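Notes follow the structure.
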Amino acid sequence: MRYWLDVPMREVTFFAVFSGTVCVLQGLAIPSCLLLILRRLKNRNSLKDANSQYVFGMLYNDMKPEYWFYEITFFFKRFLFMTATAIPDEVLRILVFAWVAFLHLQSLVLMKPFSTLEGNILQKLETCFIFSASVSSAPFCGSSKTPFARSSRCGAPAQRPSRYKMPQNEYIKESIKRFGRRFDHEERMRKKKAREPKKISKTARKLRGIKAKLFTKKRYTEKATMKKTIKAHQEKDAKAKDAEEVKPGAVPAYLLDREQVRRTKVLSNMIKQKRKEKAGKWQVPIPKVKAMTEDEMFKILRSGKRKKKAWKRIVNKVSFVGDNFTRKPPKFERYIRPSALRFKKAHVTHPELKMTFCLEIVSVKKNPQSALYTNLGVITKGTIIEVNVSELGLVTQTGKVIFAKYAQVTNNPDIDGCINALLLV
């Protein structure tokens with residue numbers, strides 16, 4: 001839909017002249033000509049003849065002979081209604097509509113020009129309908145209050161009503177701050193990210209021609225950038241002997257111990273360890289575990305007034321939650337982890353020291369049964385957990401204290417009542 005100022009000026013002029021001419025012809029010229037023709041008739045009673053009614057039948061549609069002029073008033077009524085729509089003020093326009101409708105209805109009631117009752121009733125209904133339609137369209141007929149008008153001074157669009165306004169500024173972030181996200185937002189984002197490779201592969205297979213070339217070039221650039229980033233993270237500055245570079249001249253005795261070194265880049269063990277942790281692959285003491293059914297893991301909790309809703313689950317296994325954990329409202333909490341089955345410490349055995357320590361659990365890294373159990377923090381046999389080893393005094397090759405390390409659970413905590421784990425060194 002175009003704004004009315006978007007229409008070329010010649011079109012506006014044409015429509016204005018055309019509509020004005022039609023209004024004048026229908027409201028003034030045609031009624032005036034008909035009135036002059038009728039006044040030329042000497043004998044009014046001749047209008048009852050068949051020939052006269054055939055000629056002037058449009059004016060005497062069930063009309064009494066003494067009111068031969070009354071049909072012309074209908075033309076004037078319509079002309080006044082059409083002219084009143086151009087009044088810019090809404091209140092004044094409605095008053096004019098009401099005044100014209102009242103005068104016409106009053107004349108119908110007093111004169112009763114039609115020979116039958118049906119004609120009077122139909123004319124009253126027509127007048128009331130035109131009046132109601134004009135009043136209902138009054139808010140959109142003004143020149144300055146139309147919803148699609150524009151400012152004529154600077155060409156900028158006028159302020160639209162609220163129902164036409166689009167969201168402003170960073171409305172998505174504002175909504176997230178106020179109302180938060182969906183309860184399954186993280187899961188949806190994870191699935192969307194997992195679907196991306198398949199989506200890219202499908203797009204690459206479908207594209208043809210120049211689009212395929214541009215897409216391939218874009219993917220090549222992305223892959224090159226990703227490889228550079230990975231390489232930058234994997235490489236680390238280190239010192240190595242430089243046997244080739246030998247300075248001429250004698251070297252003092254106190255400098256003989258020092259070796260000429262240069263900066264080089266080698267893969268450090270710490271980076272390798274991080275890559276291994278990121279990939280989720282470790283040399284674990286229990287490589288395979290027995291799969292568990294959902295009935296063994298969860299218990300159905302029926303809710304609702306009549307206990308017909310069965311969407312809640314109670315976790316039957318040992319779980320871990322953080323110190324700042326807060327339960328969701330009952331209306332939104334699907335998985336209930338009982339307080340009696342929440343553990344915060346584990347008995348971790350160091351394989352080299354052959355000693356066992358009671359260490360705090362930091363997080364659940366991976367549960368081999370399911371990703372859902374990992375997110376819930378469920379601990380079963382074979383689960384990889386992260387424990388706080390800062391008390392053991394372990395340090396890295398660079399001398400930094402190790403805060404946490406991974407350990408694998410070697411027993412069934414829900415049966416034994418405690419968590420036994422072996423440290424992954």
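Every number here is computed from the coordinates shown, using simple stated rules; none is lab data. Every value quoted in this text rests on a predicted model; they were computed, and no experiment measured them. FYI the Cβ positions are ideal-geometry reconstructions off the backbone, even for glycines, and counts take in every protein chain you see.
Each Lys or Arg adds one and each Asp or Glu subtracts one; over the other residues with Cβ under 11 Å from the Cβ of ASN367, this totals +4.
Convex hull volume per residue, computed on the Cα atoms of region 294-423, equals 121 Å³.
Taking each of LYS191/LYS231; LYS193/LYS400; LYS177/LYS328; LYS328/LYS366; LYS177/LYS331 in turn, the alpha-carbon distance tops 30 angstrom for LYS193/LYS400.
Taking the average, over residues, of other Cβ atoms within 10 Å as the packing measure, peptides 169-177, 355-363 rank 355-363, 169-177 from highest down.
Under 5 Å between amide hydrogens, built in the peptide plane, is the criterion, and for MET292 it picks out nothing among residues at least 5 positions away or on other chains. On full extension, the segment bounded by GLU187 and CYS358 gains 58.2 nm, given 0.36 nm per residue less the C-alpha separation. Restricting region 372-412 to trypsin sites (Lys or Arg not before Pro) that sit in a DSSP loop and have at most 14 other Cβ atoms within 10 Å of their own Cβ leaves LYS400.
Residues whose amide H falls under 5 Å from that of LYS345, counting only those 5 or more places apart or on a different chain, are ILE361, with hydrogens built in the peptide plane.
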